[in-house]
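The values are calculated or read from the model by the stated rules, or taken from the named source; none is laboratory data. Bear in mind that the values here come from a model prediction, so they are computed numbers and not experimental data. Here the Cβ is made from the backbone with ideal geometry for all residues, glycine too, and neighbour counts use every protein chain on show. To get the accessible areas, we keep the full protein, side chains included, count just its heavy atoms, and leave off ligands, DNA and RNA. Shrake-Rupley method; radii C 1.70, N 1.55, O 1.52, S 1.80 Å.
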Amino acid sequence: MSITYTFVYFIGSFIVLSIIGFIASWIDRKVTARIQWRVGPPWYQNFADFIKLTAKEVFIPENANKFTFVFAPVLSILGSVISGTILFLVLGKNFGFNGDLILLVYLLALPSLGIILGGSSSGNVLSSVGVSRELKLLLGYELPFICGIIVPAIKSGSTTSLVKILEFQQTNKLIIFSLPGIIGFIISIFAITGKLGFVPFDLAEAEGEISGGVLIEYSGILLGLFKLAKSILLVVGPLFLVILYMGGISFASISSTINGILKYVLILVLIVIIKNTNPRLRIDQAIRFFWGWLTILGILSIILTFVQMYK
Amino acid sequence: MSIKIKALKKSLWVYHLAAGASCNNCDIEILDCLTPRYDIERFGMVLVGSPRHADVLLCTGIVNKKSIERVKHVYQQTAKPCVVVAIGSCACSGGIFRTGYEMAGPLDKVIPVDVYIPGCPPKPEAMLAGIVKFLGKLK
């Protein structure tokens, strides 16, 4: 695969990911509205939001670190787009390499790191409260997230290649249909919810108490880029779980494509329902939840996987 | 009409600024707009927490001598273009506070106001109608 081809693929997947991301965010807002017995926004809502934000004035605070302040949203968006490109290559071209699973764990941490950098460089007090919470949350959800990733990696014959995990699920049954698989899936759903900053774990942005938290000083196109990165993460996170646990999306025929898209939408709606039926946790409760119950469950599912594999 | 104005009309992010002395009734009526009965998210309006994100400043209550600096500050901090809406009799004209010793002028003496929505308090329907009329005139 040549470098130019990869670059074109990257730009193309950036555009596709943005469009799917905006529609996914619309699904999120619409489902939320229906759960709350409202009508909800029209389908083009997030496109309108983004176009509006590009036209707005950009503030750079006086006591901010200017380079980091501008660079942080770009870092955020790069992390989510590169991980999305890798997933697209795995799904569409069956192209992968040994260890892309581990690479994705690192890349999926970049959006949160971008938010942390941006918030801490903006020089606002409320923003630094948000940064401290986001940092603790990042430490919190990474551990169960990795537990949830190890389960399919062991189950498909101790591999760290996404293509091999997909191949394993084509020949055997899907990983979600086993006991450690379903436990790992539940853990990963919560970890992804934490990554997305959705409601039980939205304490970094808590609009009621710290008025936007980490994003408080951002305006205009920079805010738009952060929103875009969040939207793309809303595609990448569930898609990652579809590949790990549900056998991916196959574009061989129309029915299998629809089947794959339904899997993605199912996970998305599951996350939205979790978001709408839970109150916001305090940071100590969130850490206790991630490092307590979820990690114990995660280690349990890893042990179960080993028992099933080598009994 | 350019696409940016069109996008602005479809996605107004609202920041709620309680300008100073008020009886809080207008604020409660603003929150009513978010309930399922009125649901302003149909029109793309969301309540945001920071004036940097806002397109609309919803101001309630009179401006008093304590809050006048803060109101000016919040207006400066709002990313332009932004719309200022004066909600309730107090913000429009001073209401029952107009002869009070703390009065520092109704809102339009302090910052430029685009839309006036009178009433004590105005109904949520009246607020929606005011904003929709303004959007019709926006070019």
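When B:Val71, B:Val14 are screened for being more than 14 Å from every other protein chain (Cβ to nearest Cβ) and either part of a loop (DSSP other than H, G, I, E, B) or of a type outside the set (Asp, Glu) (or both), only B:Val71 passes. Taking the criterion of being within 17 Å of A:Ala229 (Cα to Cα) and open to solvent by 40 Å² or more (accessible area, probe 1.4 Å), the residues of segment A:1-26 that qualify are A:Phe10, A:Ile11, A:Phe14, A:Ile15, A:Val16, A:Ile19, A:Ile20, A:Ile23, A:Trp26. The set of residues in segment B:28-38 being open to solvent by less than 20 Å² (accessible area, probe 1.4 Å) and away from chain A (no Cβ under 14 Å) consists of B:Ile30 alone. Does B:Lys80 satisfy being open to solvent by 60 Å² or more (accessible area, probe 1.4 Å), without any contact (Cβ under 8 Å) to a residue 40 or more places away in the chain and under 29 Å from A:Val58 (Cβ atoms)? When the stated conditions are applied, B:Lys80 passes them. Checking the structure you have, find out if any residue of segment A:59-78 is touching a helix residue (DSSP H, G or I) at 6+ places or on another chain (Cβ under 9 Å) and within 22 Å of A:Val272 (Cβ to Cβ). Within segment A:59-78, one or more residues are touching a helix residue (DSSP H, G or I) at 6+ places or on another chain (Cβ under 9 Å) and within 22 Å of A:Val272 (Cβ to Cβ). If the condition is being more than 9 Å from every other protein chain (Cβ to nearest Cβ) and either in contact with a Leu (Cβ under 9 Å, 6 or more places away or on another chain) or assigned to a loop (DSSP other than H, G, I, E, B) (or both), then segment B:55-68 contributes B:Val56, B:Leu57, B:Leu58, B:Cys59, B:Thr60, B:Gly61, B:Ile62, B:Val63, B:Lys65, B:Lys66, B:Ser67. Filtered by the rule that a residue be outside any loop (DSSP other than H, G, I, E, B) and either touching a residue at least 60 places away in the same chain (Cβ under 8 Å) or among the small types (Gly, Ala, Ser) (or both), segment B:17-42 gives B:Ala18, B:Asn25, B:Cys26, B:Ile28, B:Glu29, B:Ile30, B:Asp32, B:Ile40. If the condition is being free of Cβ contacts under 8 Å to residues at least 40 places away in the same chain and open to solvent by 30 Å² or more (accessible area, probe 1.4 Å), then segment B:101-127 contributes B:Tyr101, B:Asp108, B:Pro112, B:Asp114, B:Tyr116, B:Pro118, B:Ala126.
When B:Arg52 is tested against (1) modelled with pLDDT of 85 or more; (2) within 12 Å of the chain's Cα centre (by Cα), only condition (2) is not met. Picking from residues in segment A:220-276 that are free of Cβ contacts under 8 Å to residues at least 60 places away in the same chain and of a type in the set (Val, Ile, Thr), the one that is surrounded by the most Cβ atoms within 10 Å (Cβ to Cβ) is A:Val242.
Only a single item in (1) loosely packed, with under 14 Cβ neighbours inside 10 Å; (2) within 16 Å of A:Ser231 (Cα to Cα) is not met by A:Glu57, and it is number (2).
For a quick check of your reading of the model, give me the residue pairs whose first member lies in segment A:28-47 and is at the interface with another protein chain (Cβ under 7 Å from one of its Cβ atoms), whose second is open to solvent by less than 40 Å² (accessible area, probe 1.4 Å) and acidic (Asp, Glu), with beta-carbon atoms closer than 6 Å and at least 6 apart or on different chains. Short answer, once both residue conditions are applied: A:Arg38/B:Asp39; A:Val39/B:Asp39; A:Pro41/B:Glu41.
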